[in-house]
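The values are calculated or read from the model by the stated rules, or taken from the named source; none is laboratory data. Quick caveat, the model's predicted, so the values are computed rather than measured. In this analysis, Cβ positions are derived from the backbone assuming ideal geometry, glycine residues included, and neighbour counts consider all displayed protein chains.
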Amino acid sequence: MQLVKLITPKIINALHSKKWTFVILILAAVSPVFSQDNSPYSRYGIGDLVPSTNIINRGMAGLSAGYIDHLAINFNNPASYSSFQSYKEKKSKKLSSGRAILDLGLNFENRTLREPGVTQKFTTSNALFSYVQVGVPLKQNWGLSFGLRPVSRISYKIFRNERLVDPTTGLPIDSAFTGFEGDGGSYLASIGTGFSLFRRERKGLEEKLSVGMNGGYLFGEKDYSTRRTLLNDTVSYYRTNYETRTNYGNLYFNAGVQYKLPLNTKMLLTIGAYGNWAQKMNGRQDKLRETFIYDESLGNVRLDSVSDLRDIKGTVELPASYTFGFVLQKYAVPNKEGGWLFGVDFSKQNWSQYRFYGQADSLQNKWEIKVGAQLSPVPKRNYFSNIAYRFGFFMGPDYVKVGQKLPQIGGTFGLGLPVGISRQAPNQITFINMAFEYIKRGNDDNLLRENMFRFSLGFSLSDIWFVKRKYD
């Protein structure tokens, strides 16, 4: 309770600054707008998995296991929280001040779906909330972070005209128009901490072993419906709706570790790993079978409930996953040398263990290789020399498997744009981060090919807190 009392006023005061409030209002206003139907592949599992990394990392293909940034939050590996900047009193180990960080992100997506052998295509665009995260140092080499981010998204509408056939005689019955709709997704509200287990400094070089853990509440919804209309010239049929709505949620945990090893005064190697164990979500499900009519002013209106089962309890089992990798970094020297960063991650998720109310789905184990780099020019007074340029490449099969494997490959590019420091707030440091991703999912062996371009916009804002004022 003391920690909460200590943090809350500082965070509230920080969020009330004009600049931070303006960005939050933009986030709240834009995120629900322009949202349209997503991919039919979101029908499977818990839906389309949305990017789970900071926008800085997305510019480097999602590289995150060994990544550390004092001015941003790597919420994938909670061990990185131990590197939040803090300042101690002279001749004392007490924390006198520290740098609080607010990270915000938005996604703008454009998807193109094609059926192999068909020239017609379907295009959809979305503007979506990506994440909001706060990070604060508690002590030297000990940090805390909390926030909210989406994990998956379900959104599709598919319509089909078909000729129904009697299964016993094989004779045609009637024509039918069927609509398949899905909506929902999942979110994670989390809080985590990271601290150093071992640290030593030699000749100004810091060697450190850190661990961390995130805990939170993962919750979501799956709402699937199938609406059918029989088409007959002489007989009028009522329309039918077959709908299943499921809400689920439970506590969720993941953990991470990072080891920083300075190679010399200019080079640093960081090795990292993080992951989560298999976890069960508690579910409540409603199953509805009804007849309805469509009214132009009222929409779908129920006529009769054939079956209406409520509050069916069950479990949703999510699989274990892990990621490990490294980052090799060369520091920039002002007016002398530029810097660079290079890293590789390997991740795996055992989606064959996924169960929804005891049933498996059309899923497979997913693995992914991510290669990322960042280039920093020689720091000078020129603005463009202070921009970070990021690149990345990733590949690996998607976790959905409908008949054939669904290959996925993508390339990324990112920019880290510093914002000028204000004289009224000399301690505030702000970066606008951009990531451009081009992703290809599927080929001619799959039911659908999907090409996606995603533009992500992030804001990393930080300011000094806990500052002791000498004069009022």
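Can you tell me which residue is farthest from the chain's Cα centre (by Cα) among those in the range 198-229 that are more than 26 Å from Q279 (Cα to Cα) and of a type in the set (V, I, T)?
Our first condition is that a residue be more than 26 Å from Q279 (Cα to Cα); within the range 198-229, this holds for 198-209, 225-229.
Filter once more, keeping what is of a type in the set (V, I, T): 226, 229.
Working: T226: 29, T229: 38 Å.
Step by step, filter the range 198-229, then rank; the result is T229.
Look at the range 421-448: where a residue is on the phi > 0 side of the Ramachandran plot and modelled with pLDDT of 85 or more and a partner is part of a loop (DSSP other than H, G, I, E, B) and surrounded by 13 or more Cβ atoms within 10 Å (Cβ to Cβ), sitting 6+ places away or on another chain with Cβ atoms under 9 Å, you get G442/L448.
Applying the condition of being of a type in the set (K, R) and touching a strand residue (DSSP E or B) at 6+ places or on another chain (Cβ under 6 Å) to the range 199-245 and asking which residue is surrounded by the fewest Cβ atoms within 10 Å (Cβ to Cβ) yields R200. Can you say whether L375 is closer than 13 Å to E437 by Cα and of a type in the set (A, V, I, L, M), as far as the supplied structure shows? It is false that L375 is closer than 13 Å to E437 by Cα and of a type in the set (A, V, I, L, M).
Taking the range 373-432 as the range and being under 30 Å from Q349 (Cα atoms), touching an Asp or Glu at 6+ places or on another chain (Cβ under 6 Å), crowded, with 16+ Cβ neighbours inside 10 Å and polar (S, T, N, Q) as the test, the residues that pass are Q408, T412. Can you go through L205, L231 and tell me which one is under 30 Å from G179 (Cα atoms), at pLDDT below 95 and among the aliphatic types (A, V, I, L, M)? L231 is the lone residue from the list that is under 30 Å from G179 (Cα atoms), at pLDDT below 95 and among the aliphatic types (A, V, I, L, M). When T119, T112 are checked against the criterion of being within 30 Å of P40 (Cα to Cα), surrounded by fewer than 22 Cβ atoms within 10 Å (Cβ to Cβ), among the hydroxyl-bearing types (S, T, Y) and modelled with pLDDT of 85 or more, T112 stands alone in meeting it.
With the structure loaded, tell me whether T21 is out of contact with any Pro (no Cβ under 8 Å at 6 or more places or on another chain) and modelled with pLDDT under 90 or whether it fails that test. Give the derivation first.
On the way: out of contact with any Pro (no Cβ under 8 Å at 6 or more places or on another chain): yes; modelled with pLDDT under 90: yes.
Taking the combined requirement at face value, the residue satisfies it.
Just one of (1) surrounded by fewer than 13 Cβ atoms within 10 Å (Cβ to Cβ); (2) over 25 Å from I55 (Cα atoms) fails for R355. It is (1).
Within the range 426-451, being more than 26 Å from I158 (Cβ to Cβ) and part of a loop (DSSP other than H, G, I, E, B) holds for P426, N427, Q428. Can you tell me which residue within the range 137-183, out of those that are modelled with pLDDT of 85 or more and not in a strand (DSSP E or B), is nearest to R239 (Cα to Cα)? Only one residue fits best here, namely N141.
Assess whether R310 counts as being basic (K, R) and either at positive phi or surrounded by 12 or more Cβ atoms within 10 Å (Cβ to Cβ) (or both). No: the conditions fail for R310.
For the range 76-93, enumerate the residues that are assigned to a loop (DSSP other than H, G, I, E, B) and at pLDDT 60 or above. Hits for the range 76-93 are N76, N77, F84, Q85. Within the range 360-395, the set of residues being closer than 14 Å to A332 by Cβ, polar (S, T, N, Q) and in a loop (DSSP other than H, G, I, E, B) comprises just one member, N382.
Residue pairs whose Cβ atoms lie under 7 Å apart, separated by 6 or more positions or on different chains, with the first residue in the range 265-279 and more than 20 Å from Y81 (Cβ to Cβ) and among the polar types (S, T, N, Q) and the second modelled with pLDDT of 95 or more and surrounded by fewer than 18 Cβ atoms within 10 Å (Cβ to Cβ), are Q279/N250.
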